[in-house]
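Participant: Quick one: this structure, given as structure tokens, is what I'll be asking you about.
Read-outs: derived from the displayed coordinates by stated rules, not from any lab. Quantities reported herein were computed from a predicted structural model and do not represent experimental measurements. No Cβ is skipped: glycine too gets one built from the backbone with ideal geometry, and neighbour counts run over all protein chains shown.
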Ligand code: SF4
Ligand code: SF4
């Protein structure tokens, strides 16, 4: 039976006026009945563009949705697990409107099927109702693999490689595991108990973890290969070095990099993560990190939180849903605005952001219209805190020190088929190869790298 409603079943969420005061998950997710009702909107299209053109890992979308229609939720989960290992995460944080849902046929004359919410439902149902079984006894392979970074690429690679039978150790520079899933994405979008569950699953597969250790001058690739005796190394440490804006006042008290701010928020999860309160916070940037930062800033109790973005709303790289959620929570937006200076008082505290107004010019190389400053359009926004969310890049110094080849944008050069870097036996995947992308892209890269490493070690 098909549900011909043009609208998808609304995903239950906390009231914006309440959720802006807490760190609990914003959306509470479908119940069984809601999930079945929404699943019945799927036409099970023969071409299924949601899966072939939309989902980066080609999740078998019509098949898993069909199982939901039949109330067979565990079967739906098992179908998903053929192509993804983090459905509870991706169902929450994927940019579905650009990926699976953006290609859904139901979206042509109405709203697309809520594929992400259904994926999340299935994964949550499994976690709450089924005890994970360790797979039938795996024959151990006497080879050791080091994975650097415990984010989505590292988790995916570790899961696959441990299932082949390799001895896998993940090295994580922070105290806690999960990389961006733990330190970057706020609790209200991705509860940390879900990340912990995925890590616990890896532990049950005998994956070992070493926190506080990573690739560095003191612990080089050569050390991993010779002193520590690893047969292969996977670099899955992302691209987390913040790009700074070179404007006067960037070193004033009250200026933060979004990554540092989010680490503090995600570590403390209270409303005073910075150790002092700010009244008016400007977040500079228009991507998803900016959205996470501004929504977190709202939860610190600031009276006013403002996004400052140099283009217009339609050029914003952030997900449409995230922009809406931020707006619902009271975030304001200053579009076509570029900061040129951060003003401070005699004690070095931020007091204002000086900006220029822009208009839109020609398209840039990515097809987005360029911001063009309007001469003499300076104005000041009174703020006492500025959070910079203008992008991240790889740690080029580290890559250079290790003798790894990378391009002009700091992206590691790898063989596109084998994901092997310029150093034999060292593989890489995720943001450190592609530049900042999505969790699902990094997870997909981790899976591909696992196969490549297995082929390399099986030679
Ligand atoms: Fe959609 Fe992401 Fe799930 Fe793929 S992994 S089906 S893109 S939510
Ligand atoms: Fe179902 Fe939409 Fe995919 Fe068609 S495109 S199979 S309607 S989810």
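Participant: Take residue 53 and residue 201, extend 7 Å from each Cα along the Cα→Cβ direction, and tell me the distance between the two endpoints in nm.
Facilitator: Between residue 53 and residue 201, the simple spin-label model gives 3.0 nm.
Participant: Extension gain residue 267-residue 244, at 0.36 nm per residue separation less the Cα-Cα distance, in nm? Kindly include the intermediate steps, with their values, before the conclusion.
Facilitator: Working: separation 23, 0.36 × 23 = 8.28 nm, distance 2.29 nm.
Once the chain is fully extended between residue 267 and residue 244, it gains 6.0 nm.
Participant: Output the antiparallel fraction of DSSP beta bridges having both residues in the stretch 244-390, as a percent to the nearest 5. Could the numbers behind the result be given before it?
Facilitator: On the way: 15 of 31 bridges.
Here the antiparallel bridges make up roughly 50 percent for the stretch 244-390.
Participant: What percentages, rounded to whole numbers, describe P(r) for the stretch 57-189 computed over all alpha carbon pairs with 10 Å bin width beginning at zero?
Facilitator: 11, 33, 35, 17, 3, 0
Participant: Suppose the chain between residue 360 and residue 74 were pulled fully straight at 0.36 nm per residue; how much longer would it get relative to their current alpha carbon spacing?
Facilitator: On the way: separation 286, 0.36 × 286 = 102.96 nm, distance 4.99 nm.
Stretched out fully, the residue 360 to residue 74 stretch lengthens by 98.0 nm.
Participant: Of the peptides 72-85, 139-152, 284-297, how do they stack up when ordered by the mean number of other Cβ atoms within 10 Å, highest first? Please list the in-between numbers first.
Facilitator: On the way: 72-85: 19.4, 139-152: 22.2, 284-297: 26.4.
Highest to lowest by the protection proxy: 284-297, 139-152, 72-85.
Participant: If you don't mind, there's one more thing I want to ask. For a quick size check, give me the Cα extents of the stretch 96-154 along its three principal axes, largest first, whole Å.
Facilitator: On the principal axes, the stretch 96-154 reaches 55, 30, 18 Å in Cα extent.
Participant: Can you figure out the FRET efficiency of residue 128 with residue 220, using R₀ = 60 Å and their beta-carbon distance, to the nearest 0.05? Could the numbers behind the result be given before it?
Facilitator: On the way: r = 44 Å, r/R0 = 0.73.
The pair residue 128/residue 220 has a calculated efficiency of 0.85.
Participant: Still on this structure: Rg/Rh for the stretch 385-459: what does it come to with C-alpha atoms and Rh from Kirkwood? Write down the numbers at each step before the final one.
Facilitator: Details: Rg = 14.0 Å, Rh = 13.3 Å.
Reported Rg/Rh (Cα atoms, Kirkwood Rh): 1.05.
Participant: Then there is this: Per the Debye formula with a single identical scatterer at each Cα and no solvent contribution, what log10 I(q)/I(0) holds for the chain at q = 0.09 Å⁻¹?
Facilitator: -0.63
Participant: Quote the relative contact order of the stretch 5-54 in percent (integer), defining contacts as alpha-carbon pairs under 8 Å separated by 6+ residues. Don't skip to the answer; put the middle values down first.
Facilitator: Details: 23 pairs, mean separation 18.8, N = 50.
Averaging sequence separation for qualifying contacts and normalising by length gives 38 percent for the stretch 5-54.
Participant: For the stretch 169-301, how big is Rg over Rh, using alpha carbon atoms and the Kirkwood form of Rh?
Facilitator: On the way: Rg = 17.6 Å, Rh = 17.0 Å.
Rg/Rh: 1.03.
Participant: Quick one: Debye curve from the alpha-carbon atoms of the stretch 36-133 only, equal weights, vacuum; give me log10 I(q)/I(0) at q = 0.22, 0.23 Å⁻¹ to two decimals.
Facilitator: Values returned for q = 0.22, 0.23 Å⁻¹ are -1.11, -1.22.
Participant: Any chance you could run the full-extension gain for residue 434 through residue 97? It's 0.36 nm times the residue separation minus the Cα-Cα distance, nm to one decimal.
Facilitator: On the way: separation 337, 0.36 × 337 = 121.32 nm, distance 2.08 nm.
Here the segment from residue 434 to residue 97 would lengthen by 119.2 nm.
Participant: Counting only DSSP beta bridges with both residues in the chain, tell me the antiparallel percent, nearest 5. Write out the running numbers ahead of the final one.
Facilitator: Numbers: 20 of 52 bridges.
Bridges in the chain are about 40 percent antiparallel.
Participant: What percentage of all Cα-Cα pairs in the stretch 244-390 are separated by more than 28 Å? Kindly include the intermediate steps, with their values, before the conclusion.
Facilitator: On the way: 1577 of 10731 pairs.
I get 15 percent for the Cα pairs in the stretch 244-390 exceeding 28 Å.
Participant: Arrange 256, 166 by Cβ neighbour counts within 10 Å, fewest through most, would you? If you can, show how the numbers build up before the last one.
Facilitator: On the way: 256 21, 166 24.
By the 10 Å Cβ count, ascending, the order reads 256, 166.
Participant: What distance in nm lies between label points placed 7 Å from Cα along the C-beta direction at residue 320 and residue 24?
Facilitator: 2.9
Participant: Please compute the contact order of the stretch 277-322 in relative form: average sequence separation of alpha-carbon pairs under 8 Å and at least six residues apart, divided by the residue count, as a percent.
Facilitator: Working: 62 pairs, mean separation 22.6, N = 46.
Normalised by residue count, the contact order of the stretch 277-322 is 49 percent.
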